[in-house]
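Before any comments, here is the structure.
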Amino acid sequence: MLDATTKEIKERTSGGVINPAKTCQPIGAMYAALGIHGCLPHSHGSQGCCSFHRMHLTRHFRDPIMASTSSFTEGASVFGGGANLKTAIKTIFQVYNPDLIAVHTTCLTETIGDDIPNLIKTAEIPEGKKVIHTNTPSYVGSHVTGFSNMTRSMVNYFSEATTSLKKEQVNIIPGFVNPGDMREIKRIAKLMKAPFIMFPDTSGVVDSPMTGEFQMFPKGGTTQAELTDAGNSKLTIALGRFASSDAAEQLDKKCKVPTATLKTPIGIKATDDLVMALRQAFVTEVPYELEEERGQLVDIMTDTHFHFHGKKVAIFGDPDIVTGMTELVMSLGMKPVHILTGTPGGAPGSTVGSFGEDIKELVGMAGIDANIKAAGDLFTLHQWIKNEPVDLLIGNTYGKFIARAEDIPFVRVGFPVLDRSVHSYMPIVGYRGAMRLVEMISGALLDRQDRDAADEDFELVM
Amino acid sequence: MAITEAQLEEILAKYPSKLQKNRKKHIIINNQECGAQTIEANTRTAPGIITNRGCAYAGCKGVVLGPLKDMVHITHGPIGCAYYTWGTRRNKARTEDLAQNFINYAVSTDMQESDIVFGGEKKLAKVIDEVVENFHPKAITVSATCPVGLIGDDINAVAKAAEERHGIPVLAFSCEGYKGVSQSAGHHIANNGLMDKVIGAGTMEKANGKYPINLLGEYNIGGDGWEVERILTDIGYDIVAVMTGDGSYEDLKNAHVSELNLVQCHRSINYIAEMLEVKYGTPWLKVNFIGVQSTIETLRNMAEYFGDPALKARTEEVIAREVARIEPMMEQYKKVCEGKTAFCFVGGSRGHHYQGLFGELGIDTVLAGYEFAHRDDYEGRQVLPDIKTDADSKNIPELHVNQDPNRFKLKLSPEKMAELKDRIPLSYYAGMYVDMKEGTIMVDDLNHYETEEFIKLLKPDIFASGIKDKYVVQKMGIPAKQIHSYDYSGPYAGFNGAVNFARDVSMGFASPTWNFIVPPWKEEPLLTGKVNAEGVA
């Protein structure tokens, strides 16, 4: 497996990628757009883009992912895709009848410079329907950037400050996470008695139930009214700087809604931060139910700490998820020694630090000297592991090749997970999500210990 | 159950008027009494339509080049295109030299904004250098994505210079996603490049074994190619090269020595098959290893071509042994499948091939079609002279080859060729249409809306298609079978494959999970109980 990868690291300066740890913007925009109720994402580019993104999202969620394409031809690439987009908008409303269409661009249409807002203005849009857009040049950032851009566009197109006083409600931007995570964050907000608007919200869309009937536009998703009302909230909590802070900052700029940017609530510390932010914003006591969950989590972590302590870990994936996972494994006493994301390090337009600095500071608190890289690839990660072996690998499905090559226990977290199911329904966020992660990690480590044990060392109780 | 023209009109009525007329030409209700019916294919999908189609890059790098295991395939473009063609098609490969198997690697130039503005040629050259330094492959391919053609990067010049620097072949493919109307354009572009630069580049003049053949259009999805190889090797064929599943640059360059080219997927590889015939005088045989009967027929046709009584006898021996072995297994599955109906909408050849296998299981295909095929794949190659080129097909360069002055050799006399052509599909493909029953429907580029409507009308028991519509269909309570990636199972080709397919399809029907869709409280009223003397429950 991956036998062409050498231990010797030859410096690569081309900027090319071998075995990517990211994909391109449009898929993130498509996923975010699915989090608006009644929305059909539309890919303005060649057919292949839309097909690839639908394929990958479908394989991750194992649910229908509906999206349309401008079906570019060579002619459109030369003369511009205006006619394609206008035809598409007309056909989509007539044939599929969504409440709105969310257009995102591709490297093709960004390169030729199609002016999407002007094209939308001249398109035939039926009464009561809406078309929004975001620019997602595939040659900038990553799929996380695309998610962030579409989420910011929701603010641009919808959010309005219409009340003189801000409402007692909070906007929660969950970031590029699974619907299972979004449901868990909403549950926590409800327990905290915090009225909230979550956007985007793909729960009820890409985890829709089997009823014997196909619904092109399932029950879930943030409504347009909610997106508009987000401008009246008294606070926005952006979870995950890379996926969520741009939209939050835009809300502040456009509607004067102050922002709190927190980590994606993976692990006890980041979840505490979310709970504390809600507690402070709504001056409300933390209910016993949450306190009990937290106590259970600490109990589990303490009871099993000897399974984890001192074990070396390699973590890769999307920056917000990797940050959360790094903090979580550290809270278990593990040592994250290789930490890598494929996404470029600084959130575009954001003034807050960089991935490299953030992670360095985080692991520095435990005195760990780790290999850290943004805009990295899995070829690099594999070579790091060959040079400094680890006890555990955490990342998306693409990590399985390295895990097999180096015979390392592997825990699948993040996007995409293509070779296991149910993950998108189950949270990794919140106290209960952390319990699940602890179970997954200890399961992987102990299964390995069992596998490797000699008969006389094979234990009943561990 | 057939549908009427009126019902079809009703479905199409939802479309804008221009699109109505367009889609009507892509849908045929099979009525062979009225003579040959014409279908429109390989033309543009209307913008906004939710189509299953992909792009030229997907057809070139994703389908044809990707499976070649000992070459490093570089995608020149932003990251997504390389990412989505990395391990997603299940084209398996193994090599003796483990360090020369690049099937699990994805290499991209990961173009950034500055590359779009200032050009990406230098970056591409550097990436090629790093690939050579790290992997030492025997050959490299470079596939272009949309922006490459738009900004005018000359990938051919970069490849040529790299060839000179490194002394290995570096092949450039201008398969920008916007070319043509589907993956099909990319197949053609890949075929041209492989024919032009690889096939015939080897020094072999004669094959090592008896009955040397190439297997074209077999991509080893789920190990299909390995099952076919098992059977062919058992009979005594010498497989020179497979295009391209588990294929290699090493084998491909000597593909000119074969005596017969087998064509499994006509759509994606017929260009090479034709060119091999012109250049080396080697005919091709349309084969079909999907289904027991199709496999048997294919094996007999191959033996017929070589005409050797010993080969024919060995062929019958293997057939008899294999059939005796698998028949009891097939029987148990037939009981589950008998009397059911299917939709079969796949790619450019499987939409046809799987109908036979469904039929063997007692499943009638009531609607079939291709995602990106041409008219000849539906109607047969006799329509080729009638197919008009349009603006989109003109953009794909035709490669014209000539007889190789040293290596051209007629494998059969013209008389023998003519005689055989009467009996076996030699250098001919009859298409899907002739195998479909009266009243069945043929749909080209079936889209989401039509899928829903046809399902409502025809209520098939199983839907054979791809991942993008799989869960749409299953939400309706109908099992959906991925025929692109086999739902991560396989092989489905050959004798063992037929059993696997029968097992998997039966599983789809027999799974208890379908029984739970309706919750019990939806079937029972909330208030039940007896009325007692006081009238209270």
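The values are calculated or read from the model by the stated rules, or taken from the named source; none is laboratory data. The structure presented is a predicted model; accordingly, all values stated were derived computationally and were not measured. Quick reminder, even Gly has a Cβ in these numbers, built from the backbone with ideal geometry, and neighbours come from all protein chains shown.
Here are a few things to note about the model shown:
- Residue in region A:31-45 that is surrounded by fewer than 24 Cβ atoms within 10 Å (Cβ to Cβ), more than 7 Å from chain B (Cβ to nearest Cβ) and on the phi < 0 side of the Ramachandran plot present: yes
- Within region A:68-76, not a single residue is in contact (Cβ under 8 Å) with a residue 24 or more places away in the chain, surrounded by fewer than 24 Cβ atoms within 10 Å (Cβ to Cβ) and assigned to a helix (DSSP H, G or I).
- One residue alone among A:200, A:137 is at pLDDT 95 or above, over 15 Å from residue A:226 (Cα atoms) and not charged (D, E, K, R), and that residue is A:137.
- Restricting B:80, B:87, B:62 to residues that are at the interface with chain A (Cβ under 9 Å from one of its Cβ atoms), in a loop (DSSP other than H, G, I, E, B) and closer than 25 Å to residue B:148 by Cα narrows the list to B:87.
- Of everything in region A:208-227 that is surrounded by fewer than 19 Cβ atoms within 10 Å (Cβ to Cβ) and among the hydroxyl-bearing types (Ser, Thr, Tyr), the residue that is nearest to the other protein chains (Cβ to nearest Cβ) is A:211.
- Checking every residue in region B:456-473 against the condition of being polar (S, T, N, Q) and surrounded by 23 or more Cβ atoms within 10 Å (Cβ to Cβ) gives at least one match.
- Pairs, first on the phi > 0 side of the Ramachandran plot in region B:102-116, second surrounded by fewer than 24 Cβ atoms within 10 Å (Cβ to Cβ), C-beta under 7 Å, six or more apart: B:110/A:15
- Once region B:170-199 is narrowed to residues that are in a loop (DSSP other than H, G, I, E, B) and out of contact with any Lys or Arg (no Cβ under 6 Å at 6 or more places or on another chain), the residue that is surrounded by the fewest Cβ atoms within 10 Å (Cβ to Cβ) is B:174.
- Enumeration of residues in region B:133-148 that are more than 8 Å from chain A (Cβ to nearest Cβ), out of contact with any Leu (no Cβ under 8 Å at 6 or more places or on another chain) and over 17 Å from residue A:19 (Cβ atoms): B:136, B:138, B:144, B:148
- Residue in region B:112-129 that is acidic (Asp, Glu), within 9 Å of chain A (Cβ to nearest Cβ) and either out of contact with any helix residue (DSSP H, G or I) (no Cβ under 8 Å at 6 or more places or on another chain) or closer than 20 Å to residue B:178 by Cβ (or both) present: yes
- Identity of the residue in region B:1-53, part of a strand (DSSP E or B) and more than 14 Å from chain A (Cβ to nearest Cβ), that ends up farthest from residue A:124 (Cα to Cα): B:29
- Residue in region A:15-29 that is over 28 Å from the mean Cα position of the chain (by Cα), within 7 Å of chain B (Cβ to nearest Cβ) and of a type in the set (Lys, Arg) present: no
- Of all residues in region B:368-409, those that are touching a helix residue (DSSP H, G or I) at 6+ places or on another chain (Cβ under 6 Å), within 26 Å of residue B:28 (Cβ to Cβ) and not in a helix (DSSP H, G or I) total 7.
- Check on residue A:160, more than 20 Å from the chain's Cα centre (by Cα) and over 11 Å from residue A:230 (Cβ atoms): no
- Annotation note: Cβ proximity below 7 Å between a residue of region B:320-341 that is at positive phi and a residue that is of a type in the set (Gly, Ala, Ser) (sequence gap 6+ or interchain) occurs for B:339/B:362.
Listed here are the residues, each with its yes/no results for (1) exposed (fewer than 12 other Cβ atoms within 10 Å of the Cβ); (2) touching a strand residue (DSSP E or B) at 6+ places or on another chain (Cβ under 7 Å); (3) modelled with pLDDT under 95.
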residue: B:351; (1), (2), (3): no, yes, no
residue: B:379; (1), (2), (3): no, no, no
residue: B:382; (1), (2), (3): no, no, no
residue: B:395; (1), (2), (3): no, no, yes
residue: B:415; (1), (2), (3): yes, no, no
residue: B:421; (1), (2), (3): no, no, no
residue: B:431; (1), (2), (3): no, no, no
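- Residue list for region A:94-112, restricted to those being at the interface with another protein chain (Cβ under 10 Å from one of its Cβ atoms) and within 30 Å of the chain's Cα centre (by Cα): A:96, A:97, A:101, A:106, A:107, A:108, A:109, A:110, A:111, A:112
- Scanning region B:227-248 for residues that are among the hydroxyl-bearing types (Ser, Thr, Tyr) and crowded, with 24+ Cβ neighbours inside 10 Å yields a count of 2.
- Flag if residue B:499 is surrounded by fewer than 22 Cβ atoms within 10 Å (Cβ to Cβ) and either outside any helix (DSSP H, G or I) or out of contact with any helix residue (DSSP H, G or I) (no Cβ under 9 Å at 6 or more places or on another chain) (or both): no
- Candidates A:5, A:13, A:23, A:58: the one that is among the polar types (S, T, N, Q), closer than 19 Å to residue A:396 by Cα, in a loop (DSSP other than H, G, I, E, B) and modelled with pLDDT of 95 or more is A:23.
- Residue within region A:169-183 that is surrounded by fewer than 24 Cβ atoms within 10 Å (Cβ to Cβ) and in a helix (DSSP H, G or I) present: yes
- Residue in region B:260-271 that is farther than 27 Å from residue B:88 by Cα, touching a residue at least 24 places away in the same chain (Cβ under 8 Å), in a helix (DSSP H, G or I) and not polar (S, T, N, Q) present: no
- If you go through region B:149-184 and pick out every residue that is over 17 Å from residue B:75 (Cα atoms) and within 11 Å of chain A (Cβ to nearest Cβ), you end up with 3.
- Taken together, B:247, B:209, B:202 contain a single residue that is in a loop (DSSP other than H, G, I, E, B), farther than 30 Å from residue B:327 by Cα and under 19 Å from the mean Cα position of the chain (by Cα), which is B:247.
- Only one of the numbered conditions (1) loosely packed, with under 15 Cβ neighbours inside 10 Å; (2) more than 23 Å from the chain's Cα centre (by Cα); (3) in a loop (DSSP other than H, G, I, E, B) is not met by residue A:390, and that is (1).
- Evaluating residue A:351 against the criteria (1) of a type in the set (Val, Ile, Thr); (2) modelled with pLDDT of 95 or more; (3) surrounded by fewer than 18 Cβ atoms within 10 Å (Cβ to Cβ) leaves one unmet condition, (2).
- On inspection, residue B:29 fails the criterion of being farther than 22 Å from residue B:433 by Cα and either surrounded by 15 or more Cβ atoms within 10 Å (Cβ to Cβ) or touching a residue at least 60 places away in the same chain (Cβ under 8 Å) (or both).
- The residue of region B:103-117 that is farthest from residue A:3 (Cα to Cα), among those that are assigned to a helix (DSSP H, G or I) and not hydroxyl-bearing (Ser, Thr, Tyr), is B:117.
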